[in-house]
Structure formats: C-alpha cells, structure tokens
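What follows is a set of notes on a single structure, which appears directly below.
The values are calculated or read from the model by the stated rules, or taken from the named source; none is laboratory data. Everything numeric in this text was worked out from a predicted model, so none of it was measured. Heads up, the Cβs are rebuilt from the backbone with ideal geometry, glycines too, and the neighbour counts pull from every protein chain shown. These area figures cover heavy atoms from the full protein model, side chains too; ligands, DNA and RNA do not enter into them. Shrake-Rupley method; radii C 1.70, N 1.55, O 1.52, S 1.80 Å.
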Amino acid sequence: EMQDTDYRPNFHFTPKENWMNDPNGMFYLDGTYHLFYQYHPESSTWGTMHWGHATSKDMISWQHQPVALFPDEHGWIFSGSAVVDKNNTSGLGSDGQVPIVALFTYHDMEGEKSGRDDFQTQGMAYSLDKGKTWIKYKNNPVLKNPGIRDFRDPKVTWDAQRNQWVMALATYEKNLFYTSKDLIDWEFASDFGEGIGAHGGVWECPDFIPMKVQGTDTVKWVLIQSLNPGAYNGGSGTQYFVGDFDGKTFTPESYVNDLGEKHDYWIDFGKDNYAGVTWNNAPGGRTLFIGWMSNWEYANVVPTETWRSTSTIARELKLHLVDGVYRISSAPVMELDSYLDKSFTKASMELSKGSTIVSVDDVSLSKTELSFEIPKLEDKDYKFLLTNAIGDSLTFGYDHSKAQFYIDRSKSGKVDFNENFAKKPSVAPRISDNENLSVTVLLDKTSIELFFDKGTTVMSEIFFPKNSFLEFKSLSNHTFLITDLKASELKL
Ligand code: FRU
C-alpha cells in the first residue's frame, strides 16, 4: 500500500521534509527561477512560519536551498513577494549590485494572543548575492498596522508607466494598494473589492500585475485574489478581476462590478490551487504562475507524514478578450515538454465504454492531450476513469447537459482523513462554446491537473490512491471519437 514517500510527486515541487503552504517571493534572475514558500521546518503541520527556498533552471526540477527567512522579534514570516530592484531604487545595492528586495508579513503571535488587532505588519529583507542570503532591513516594519486584524501578503509589482512600485495587500474584505518610489516608504493609494466577487471568507495573497491582451497591444491590470473559505467548490480558491490602473486607483471593467458570490472568473476551479502568484522579472514578458496544490479544509491532515503539500505545475497565464469580457487561460509551462518520454499519438480513436485510452508504462506520471467533438444537441456525458488493480478510481469529464466539467475523487483511495475531501464531486463551468473540446491531463502520482479548452477552464486536485493508478479509460455510456490524441510519459 502506498504511503508517505510513495505519494511524493516527481515533477512538482515538494519540501524535502515537513510542512509547506503558499509560494512566496518568486523572482527570476540570470537564468535561475527562485521559489520561496511558507515553511515550518520543525513539523509536518502548519506552525512557526519561515520562508523555505528552492531554485530551478526551468520551474520543473528544483534544487533545495537553505531556509531564507527566519522569524525574529517582529514575528513569524508570513507570505509576501520579492522583486529584482534593477535600478537600485532602494539604494540598498552598492558597486553595481542588483538588490533583491522581499516584502513579507510579520505575524506577531504574542500580539495576536493578547487580543490586539495590529499583530500583522509588513517587513522587508534584501539580498545582495542574487537571493542566496538575506539581510533584514534595520528599520522594520516598513509598513505598520493601522488597526486591521487581517493585513497581509504584500505583492509588489513595478509600474513602468509611473516609475513606481505598487503593493497589493489583502485585508479581510478588500485589497489595499500602496505605492512607493524606493520599496521602503509606502503610501496608501486606494482600495478595491468590497462587495465585488466572492467573499465567503478572508481575502488573502493578492497579485496585481499588468498583462497584455492576446493579439493586441492593450495592457490591462489583473488582480489575482485568493479567498479562504468560499471558493467555487468550497474552501480555498483564487478568483481574478480585470481592469485599469492609473497609478493610484484600480478601476475594474464594468462587468466586474456586477460579479457576486457565484461567478466564473477563477484561475482554477478545482479544490487544490491556492495562494498562487506570479514570478517577478520573468524573461520574455511571460506571466508565470505557481500555486499551492492544497486546500485549508484538509491541508494539515492529508495522508503524508514526513512531508506535506505540493506546488501546482508552474503555468503560463494569458489574458484574452472574449465576447466583451477578459478571461485568463493557463497552460503548464512549455519547459515541461522536455521531460516527455515515450509518446504515442493517434489521429483518431473510437472509444466505447471501458476502452483504454492511454497505455503508457506508468499512467500516474503522464501528460495526455486529446480532443473530441461535442454535437450541440446531444446532452451526453463524456466520462473518463483512472483506476488501479485494487479498484481505486478517479473519474472526471464533461457533462454536456449541464455544460459542466467535473472531478469525482470519492473512491480514489484514502479519502476519509477529512469529511470535506470527497464530500461531493467538484464542478466547473464550461466557458468556451467551441464544438471541439480539448483537454490536457497532467498526472503526477497524487495529482491531476486538467486544462480544458486550451486552459480556459482549469481544475486541479490531489488524491491518495492505495496503489498507483495504472489505467486511463473511457467510462462514457456512448461511443465517441477522440481526435489528436497525444500521450506521453514524464521522466525527470
Ligand atoms: C494563505 C495564508 C496567508 C498567510 C499564510 C500563513 O494560505 O493564510 O494569508 O500569509 O497563509 O502561512
């Protein structure tokens, strides 16, 4: 029976040991992608937060690095971001050094216990050796707490048009924006979000970035906003809002103002993609994203012991204008494709119930792309099955009568460690109305990431089978034709 180390994925980032949650402070410099993360070095459950650190040339294979940030007299180190200060706006670099500046939340446990409201402040640290070692700024915190209980997760972006830094900071029901010329003195600019979008819990881990609209030269500002609980399928999840920024105020598109609790602007509809943000200074103008592949509903009790939690696959995000609204699409970074091993392709393949679709040596480590036609008037269910010899199964698919995608992990193996883990199948709306439906299925032992319609609807979920899934079949009651099948094993 699989357990602990057998559950560790091959090409997703996991901590070497102990607990991880949010990705933090990602930046790119001189050929290296840096990933920091919420880390508890002493235990495999959440606790005294540090920033763990890993580096990679391609966002797929990661090298573990020493812990980057330790708690100090101001508190534990909660989530935040880092930027490459190329023009030395902070004045922290000398002799042509490029400072890397991290802004993060100090969480003062004593302050919280004593019942005060101002126990979260924003601290700063910098690196003069390309992210290897970090020096805490001498006059921390750089942003004091004005008396707001949830006041955290600073995400900093360069606003090239105004020559300033912009910080998005989450509070319970809205985001605050601050601006700065030097990453040290921060001035309050505006807020956004009260009464807009989903508010079933606390807003956390924002990201606020300019993105080019595909096929145009137009730039829009995108606010990526994590929320816990209250996500589309319950618990933790990440929504997004698109609009304009004038250097002080974020003005959303008019349809955004009308978004209520149940909208369909989510980075990912599955249960396991939270607190994701983008890389600073990514090469080639790409928008590169990674999330924490878990959910606060059960993150602390998933059935691994020596390590806990996985990152999503790194993804490239794109912004599209579709029928008057802005949609973000996601795809696994193309760097993943250099790990494709034995592949097989088929131009067409007829599937009846029980037909094997993918036969590679290890289905549990594979990437499959396939597409099929969905006749408009036929309300059929296109259902797929992952299974093993002992009968664990995971089903997913597309129910055309509801225009809904789904994942059902209720029989996927170990599920009873938390009542919310498999209470009901997760669903996601189909946003595209193309008659051809495509999906990329990424499997890495204990996770499935589904990119439907070229990443217009995404679902990511984790699972813990008792044995590896070895078969990938059709479970639809009807026969249909899949086209352009490409299935590959993934090898590190
Ligand atoms: C999100 C979060 C952040 C916080 C961090 C603490 O998952 O709650 O808001 O900074 O985790 O570990």
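Filter the range 279-325 down to the residues that are within 16 Å of the ligand (Cβ to nearest atom) and in a strand (DSSP E or B), then identify the one that is most open to solvent (accessible area, probe 1.4 Å).
Arg308
Could you say which residue among Ser338, Ser348 is at negative phi, more than 16 Å from the ligand (Cβ to nearest atom), assigned to a strand (DSSP E or B) and surrounded by fewer than 22 Cβ atoms within 10 Å (Cβ to Cβ)?
Ser348
For the range 423-492, which strands (runs of 3 or more DSSP E) that fit wholly inside it have 3 or more residues that are open to solvent by 40 Å² or more (accessible area, probe 1.4 Å)? So that I can check it myself, show each step before the final result.
Numbers: elements: 426-429, 436-444, 447-452, 457-462, 471-474, 480-490.
Fully inside the range 423-492 and qualifying: 480-490.
Scan the range 14-35 for residues that are away from the ligand (no atom under 16 Å from the Cβ) and either without any contact (Cβ under 8 Å) to a residue 24 or more places away in the chain or closer than 26 Å to Ala168 by Cα (or both) and report the count.
Qualifying residue count, the range 14-35: 6.
In the range 36-62, which residue that is more than 14 Å from the ligand (Cβ to nearest atom) and more than 16 Å from Glu335 (Cα to Cα) is surrounded by the fewest Cβ atoms within 10 Å (Cβ to Cβ)?
The first filter runs over the range 36-62 and keeps only residues more than 14 Å from the ligand (Cβ to nearest atom), leaving 42, 44, 53-62.
Those left that are additionally more than 16 Å from Glu335 (Cα to Cα): 42, 44, 53-54.
Details: Glu42: 11, Ser44: 20, His53: 22, Ala54: 22.
For the range 36-62, the residue satisfying everything is Glu42.
So is Gln97 within 16 Å of the ligand (Cβ to nearest atom) and either over 21 Å from Ala54 (Cβ atoms) or of a type in the set (Gly, Ala, Ser) (or both) or not? Break it down stepwise before answering.
Working: within 16 Å of the ligand (Cβ to nearest atom): no; either over 21 Å from Ala54 (Cβ atoms) or of a type in the set (Gly, Ala, Ser) (or both): yes.
Against the criterion (within 16 Å of the ligand (Cβ to nearest atom) and either over 21 Å from Ala54 (Cβ atoms) or of a type in the set (Gly, Ala, Ser) (or both)), Gln97 does not qualify.
Check the range 74-85 and report whether any residue there is away from the ligand (no atom under 16 Å from the Cβ) and either among the basic types (Lys, Arg) or not in a loop (DSSP other than H, G, I, E, B) (or both). Steps first, answer last, please.
Restricting attention to the range 74-85, the residues satisfying the condition of being away from the ligand (no atom under 16 Å from the Cβ) are 83-85.
Imposing the further condition that a residue be either among the basic types (Lys, Arg) or not in a loop (DSSP other than H, G, I, E, B) (or both) reduces the set to 83-84.
Yes, that holds for at least one residue.
Output yes when any residue across the range 420-440 is within 24 Å of Gly235 (Cβ to Cβ), touching a helix residue (DSSP H, G or I) at 6+ places or on another chain (Cβ under 7 Å) and touching a residue at least 40 places away in the same chain (Cβ under 8 Å), and no when none is.
Taking every residue of the range 420-440 in turn, none turns out to be within 24 Å of Gly235 (Cβ to Cβ), touching a helix residue (DSSP H, G or I) at 6+ places or on another chain (Cβ under 7 Å) and touching a residue at least 40 places away in the same chain (Cβ under 8 Å).
Hey, could you check the range 178-228 for residues that are more than 23 Å from Leu143 (Cβ to Cβ) and within 16 Å of the ligand (Cβ to nearest atom) and say which is surrounded by the most Cβ atoms within 10 Å (Cβ to Cβ)?
Ala198
Within the range 229-246, how many residues turn out to be open to solvent by 20 Å² or more (accessible area, probe 1.4 Å), under 17 Å from the mean Cα position of the chain (by Cα) and without any contact (Cβ under 8 Å) to a residue 60 or more places away in the chain?
So the answer is 1.
Quick test for you: out of Lys376, Lys411, pick the one residue that is outside any strand (DSSP E or B), modelled with pLDDT of 95 or more and basic (Lys, Arg). Lay out the reasoning, then the answer.
On the way: Lys376 fails: modelled with pLDDT of 95 or more.
When all the criteria are applied, what remains is Lys411.
Can you find a residue in the range 254-271 that is assigned to a helix (DSSP H, G or I), in contact with a strand residue (DSSP E or B) (Cβ under 9 Å, 6 or more places away or on another chain) and touching a residue at least 24 places away in the same chain (Cβ under 8 Å)? Reasoning before the result, please.
From the range 254-271, those assigned to a helix (DSSP H, G or I) are 254-257; that's our starting set.
Those still in the list that are in contact with a strand residue (DSSP E or B) (Cβ under 9 Å, 6 or more places away or on another chain) too: 255-256.
If we keep only those that are touching a residue at least 24 places away in the same chain (Cβ under 8 Å) too, we end up with 255-256.
Scanning the range 254-271 turns up at least one residue that is assigned to a helix (DSSP H, G or I), in contact with a strand residue (DSSP E or B) (Cβ under 9 Å, 6 or more places away or on another chain) and touching a residue at least 24 places away in the same chain (Cβ under 8 Å).
Within the range 100-132, which residues are touching a residue at least 60 places away in the same chain (Cβ under 8 Å), in contact with a strand residue (DSSP E or B) (Cβ under 6 Å, 6 or more places away or on another chain) and away from the ligand (no atom under 16 Å from the Cβ)?
Ile100, Val101, Lys130, Gly131
Select from the range 94-146 the residues that are farther than 24 Å from Pro23 by Cα and either open to solvent by less than 10 Å² (accessible area, probe 1.4 Å) or in contact with a helix residue (DSSP H, G or I) (Cβ under 6 Å, 6 or more places away or on another chain) (or both) and list them in ascending order.
Answer for the range 94-146, where residues must be farther than 24 Å from Pro23 by Cα and either open to solvent by less than 10 Å² (accessible area, probe 1.4 Å) or in contact with a helix residue (DSSP H, G or I) (Cβ under 6 Å, 6 or more places away or on another chain) (or both): just Gly111.
Looking at the structure I just gave you, is Lys262 within 29 Å of Ser426 (Cα to Cα) and of a type in the set (D, E, K, R)?
Working: within 29 Å of Ser426 (Cα to Cα): yes; of a type in the set (D, E, K, R): yes.
The answer is yes for Lys262.
Would you check if there is a residue in the range 306-313 being touching a residue at least 40 places away in the same chain (Cβ under 8 Å), aliphatic (A, V, I, L, M) and farther than 20 Å from Tyr7 by Cβ?
Within the range 306-313, the subset touching a residue at least 40 places away in the same chain (Cβ under 8 Å) is 306-313.
Of the ones still in play, those that are also aliphatic (A, V, I, L, M) are 313.
Cutting the leftovers down to farther than 20 Å from Tyr7 by Cβ gives us none.
The answer is no; no qualifying residue exists.
Can you say whether Val358 is touching a Leu at 6+ places or on another chain (Cβ under 6 Å) and of a type in the set (A, V, I, L, M), as far as the supplied structure shows? Let's see the steps before the verdict.
Details: touching a Leu at 6+ places or on another chain (Cβ under 6 Å): no; of a type in the set (A, V, I, L, M): yes.
Considered against the rule, which asks whether it is touching a Leu at 6+ places or on another chain (Cβ under 6 Å) and of a type in the set (A, V, I, L, M), Val358 comes out as no.
Run down Lys155, Lys174 and say which single residue is closer than 27 Å to Asn295 by Cα and within 13 Å of the ligand (Cβ to nearest atom). Full working, then the answer.
Working: Lys174 fails: within 13 Å of the ligand (Cβ to nearest atom).
Every option except Lys155 fails the conditions.
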